[in-house]
Structure formats: structure tokens, C-alpha cells
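So the structure is just underneath, and the comments pick up after that.
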Amino acid sequence: MNETKRTLRRFALCYAIALILWVVFCLGRCAVMLMHRASGDMPQTTLGAEDLTFESFENYADLEWDTPPDDDPDWYLSTDNDPHILYDGGGYLETVRLYAKHRLPPGSVVLYYLKPGQTDYTETQKVYGHVAGGGVYEFDLGGVEVSGLRIDPDSVGGVATLFTGVELNPARFWVWRFVPDGGQLLLILGLPAVAAAAWTLLRGRREDA
């Protein structure tokens with residue numbers, strides 16, 4: 001019985017340490033964010049078509065051979081399976097949102113970013129978008145200095161898309177900064193259990209020696 005209690009205490013201690021480390025990590029991210037915001041290099045704005053460059057992603061108004069789904073001027077068409085929305089700007093980014101409604105399944109919706117001094121986009125700096133609402137794709141960059149962005153709004157081509165903008169660092173309630181995403185939650189739940197089990201195993205071997 002005493003050994004069971006000791007094991008439970010080890011598990012409780014490991015989870016308490018994990019919780020404390022998570023809070024410290026989140027506070028550190030908040031401090032970095034506030035520092036960048038105070039220095040003015042953390043943009044919080046919504047970019048329209050006039051702020052961006054498009055490759056293989058054409059406004060229907062510029063197409064002579066196809067017609068848009070309706071009279072909305074913000075309909076675009078991907079003219080091959082590798083369309084790009086490019087932003088030639090920099091700053092500290094935590095989150096980027098793409099506002100786009102697709103008439104067909106778009107396949108992967110991804111974002112690439114350049115760090116200062118880089119000129120080529122690479123697979124190692126790639127973030128998949130997740131659906132955050134109707135016509136909203138969100139990319140979590142985790143807080144990084146960038147010098148440029150490339151969003152691929154679909155990966156199949158021939159997709160009619162109602163594109164209305166790209167938002168940099170959308171405002172959000174501070175409490176959400178302490179809520180882990182799926183991968184982080186798995187680590188918070190899994191690593192303390194592994195550490196406590198290893199601790200118990202090592203303790204048992206020492207007592208048996």
C-alpha cells in the first residue's frame with residue numbers, strides 16, 4: 001500500500017512539474033509577444049488583394065475564358081495545381097488567417113514563410129492551415145520573425161475561391177495563449193506519465209539491488 005502511495009505521489013509530482021513548466025513557457029511567449037508589440041514590429045492588420053501578389057491565382061475579372069460563380073468581385077480561380085498568394089513584408093508573426101471559401105475541395109491549404117536573409121521557400125518552414133470557421137483557415141507559426149509569406153490556397157487547380165483577405169496576428173483573448181493545441185496536449189499528458197513510470201522502475205531496481 002505504501003509503495004502504491006509513493007507511486008501515485010511520483011505521478012502527481014511529475015504532472016505538477018509539467019504544469020508549472022507549461023505555464024512558464026506560456027508566460028515567456030507572452031513576454032516575447034509584448035516586447036515585439038511594444039517595439040512596433042508585430043503587425044496586426046488585414047491584407048487585401050492590393051497588398052499581395054498572385055501567381056496562378058487569377059481574379060475572374062482578368063479572365064476572358066471563364067465566368068465567376070456570381071457577381072461578387074472577389075472570386076478567384078487557380079489556373080494550375082500550384083497557386084500562390086505572396087506577401088512581401090516582415091515582422092513577428094504568431095498566427096495568420098486566410099479568408100477564403102472554396103467551391104471545390106481545395107486539397108492542402110498551406111503557408112510558407114521566409115526568415116530574414118532568406119530568399120527561397122522550403123519545406124522545413126511550412127505550416128498547414130486548419131479550418132477555424134466557415135471560410136477561415138488559420139496557420140499557427142508559434143511566434144517567428146519573417147520577411148515574407150507564401151500561401152498556397154489549394155493544391156488541385158481549377159478551384160473557384162471567394163478570397164477576401166489575409167489577416168496577420170488576429171486579436172485573441174489572452175486566456176487562449178495558455179490552452180495547448182493537440183500536439184502540446186499529448187506531450188503534457190504523456191511525458192509526465194513516462195517520466196513517473198521510469199522513476200518508479202529505477203527506484204524498484206535500486207531497492208532490489
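Over 22 Å, how big is the tail of the calculated P(r) for the range 28-145, in percent of all Cα pairs?
For the range 28-145, the share of Cα pairs beyond 22 Å comes to 42 percent.
Between residue 80 and residue 108, the contour length at 0.36 nm per residue exceeds the alpha carbon distance by 8.7 nm. Take 67-78, 12-23 and order them by the average number of nearby Cβ atoms within 10 Å per residue, most first; the result is 67-78, 12-23.
In whole percent, what relative contact order does the range 1-118 give with Cα contacts below 8 Å and a gap of six or more residues?
22 percent
Across 62, 152, 41, mean-square fluctuation computed from a Gaussian network of the chain (C-alpha pairs under 10 Å connected) peaks at 62.
Between 86, 173, 76, whose Cα lies farthest towards the positive end of the dipole of the chain when Lys and Arg beta carbons carry +1 and Asp and Glu beta carbons carry -1, centred on the Cα centre? The listed residue farthest towards the positive side: 173.
Overall dimensions of the chain, expressed as equivalent-ellipsoid semi-axes from the Cα gyration tensor (√(5λ), whole Å, largest first), are 45, 20, 15. Between the Cα long axis of helix 182-208 and the first principal axis of the chain there is an angle of about 20°, rounded to the nearest 10. Simple spin-label estimate for residue 206 and residue 72 gives 6.4 nm between the two label positions (7 Å along the Cα-to-Cβ direction from each Cα). The length gained on full extension between residue 32 and residue 20, counted as 0.36 nm times the residue separation minus their Cα-Cα distance, comes to 2.5 nm.
Using a simple spin-label model with pseudo-atoms 7 Å out from Cα toward Cβ, residue 179 and residue 131 lie 1.8 nm apart. Please calculate how many Å² of accessible area the chain carries per residue, with a 1.4 Å probe and no DNA, RNA or ligand atoms counted. So the chain comes to 59 Å² accessible per residue, rounded to a whole number.
The values are calculated or read from the model by the stated rules, or taken from the named source; none is laboratory data. Since we're looking at a predicted model, the values are computed, not measured. Counting neighbours? That spans all protein chains shown, and the Cβs are built from the backbone with ideal geometry, glycine included. Only protein heavy atoms, including side chains, enter the accessible area calculation; ligands, DNA and RNA are left aside. Shrake-Rupley method; radii C 1.70, N 1.55, O 1.52, S 1.80 Å.
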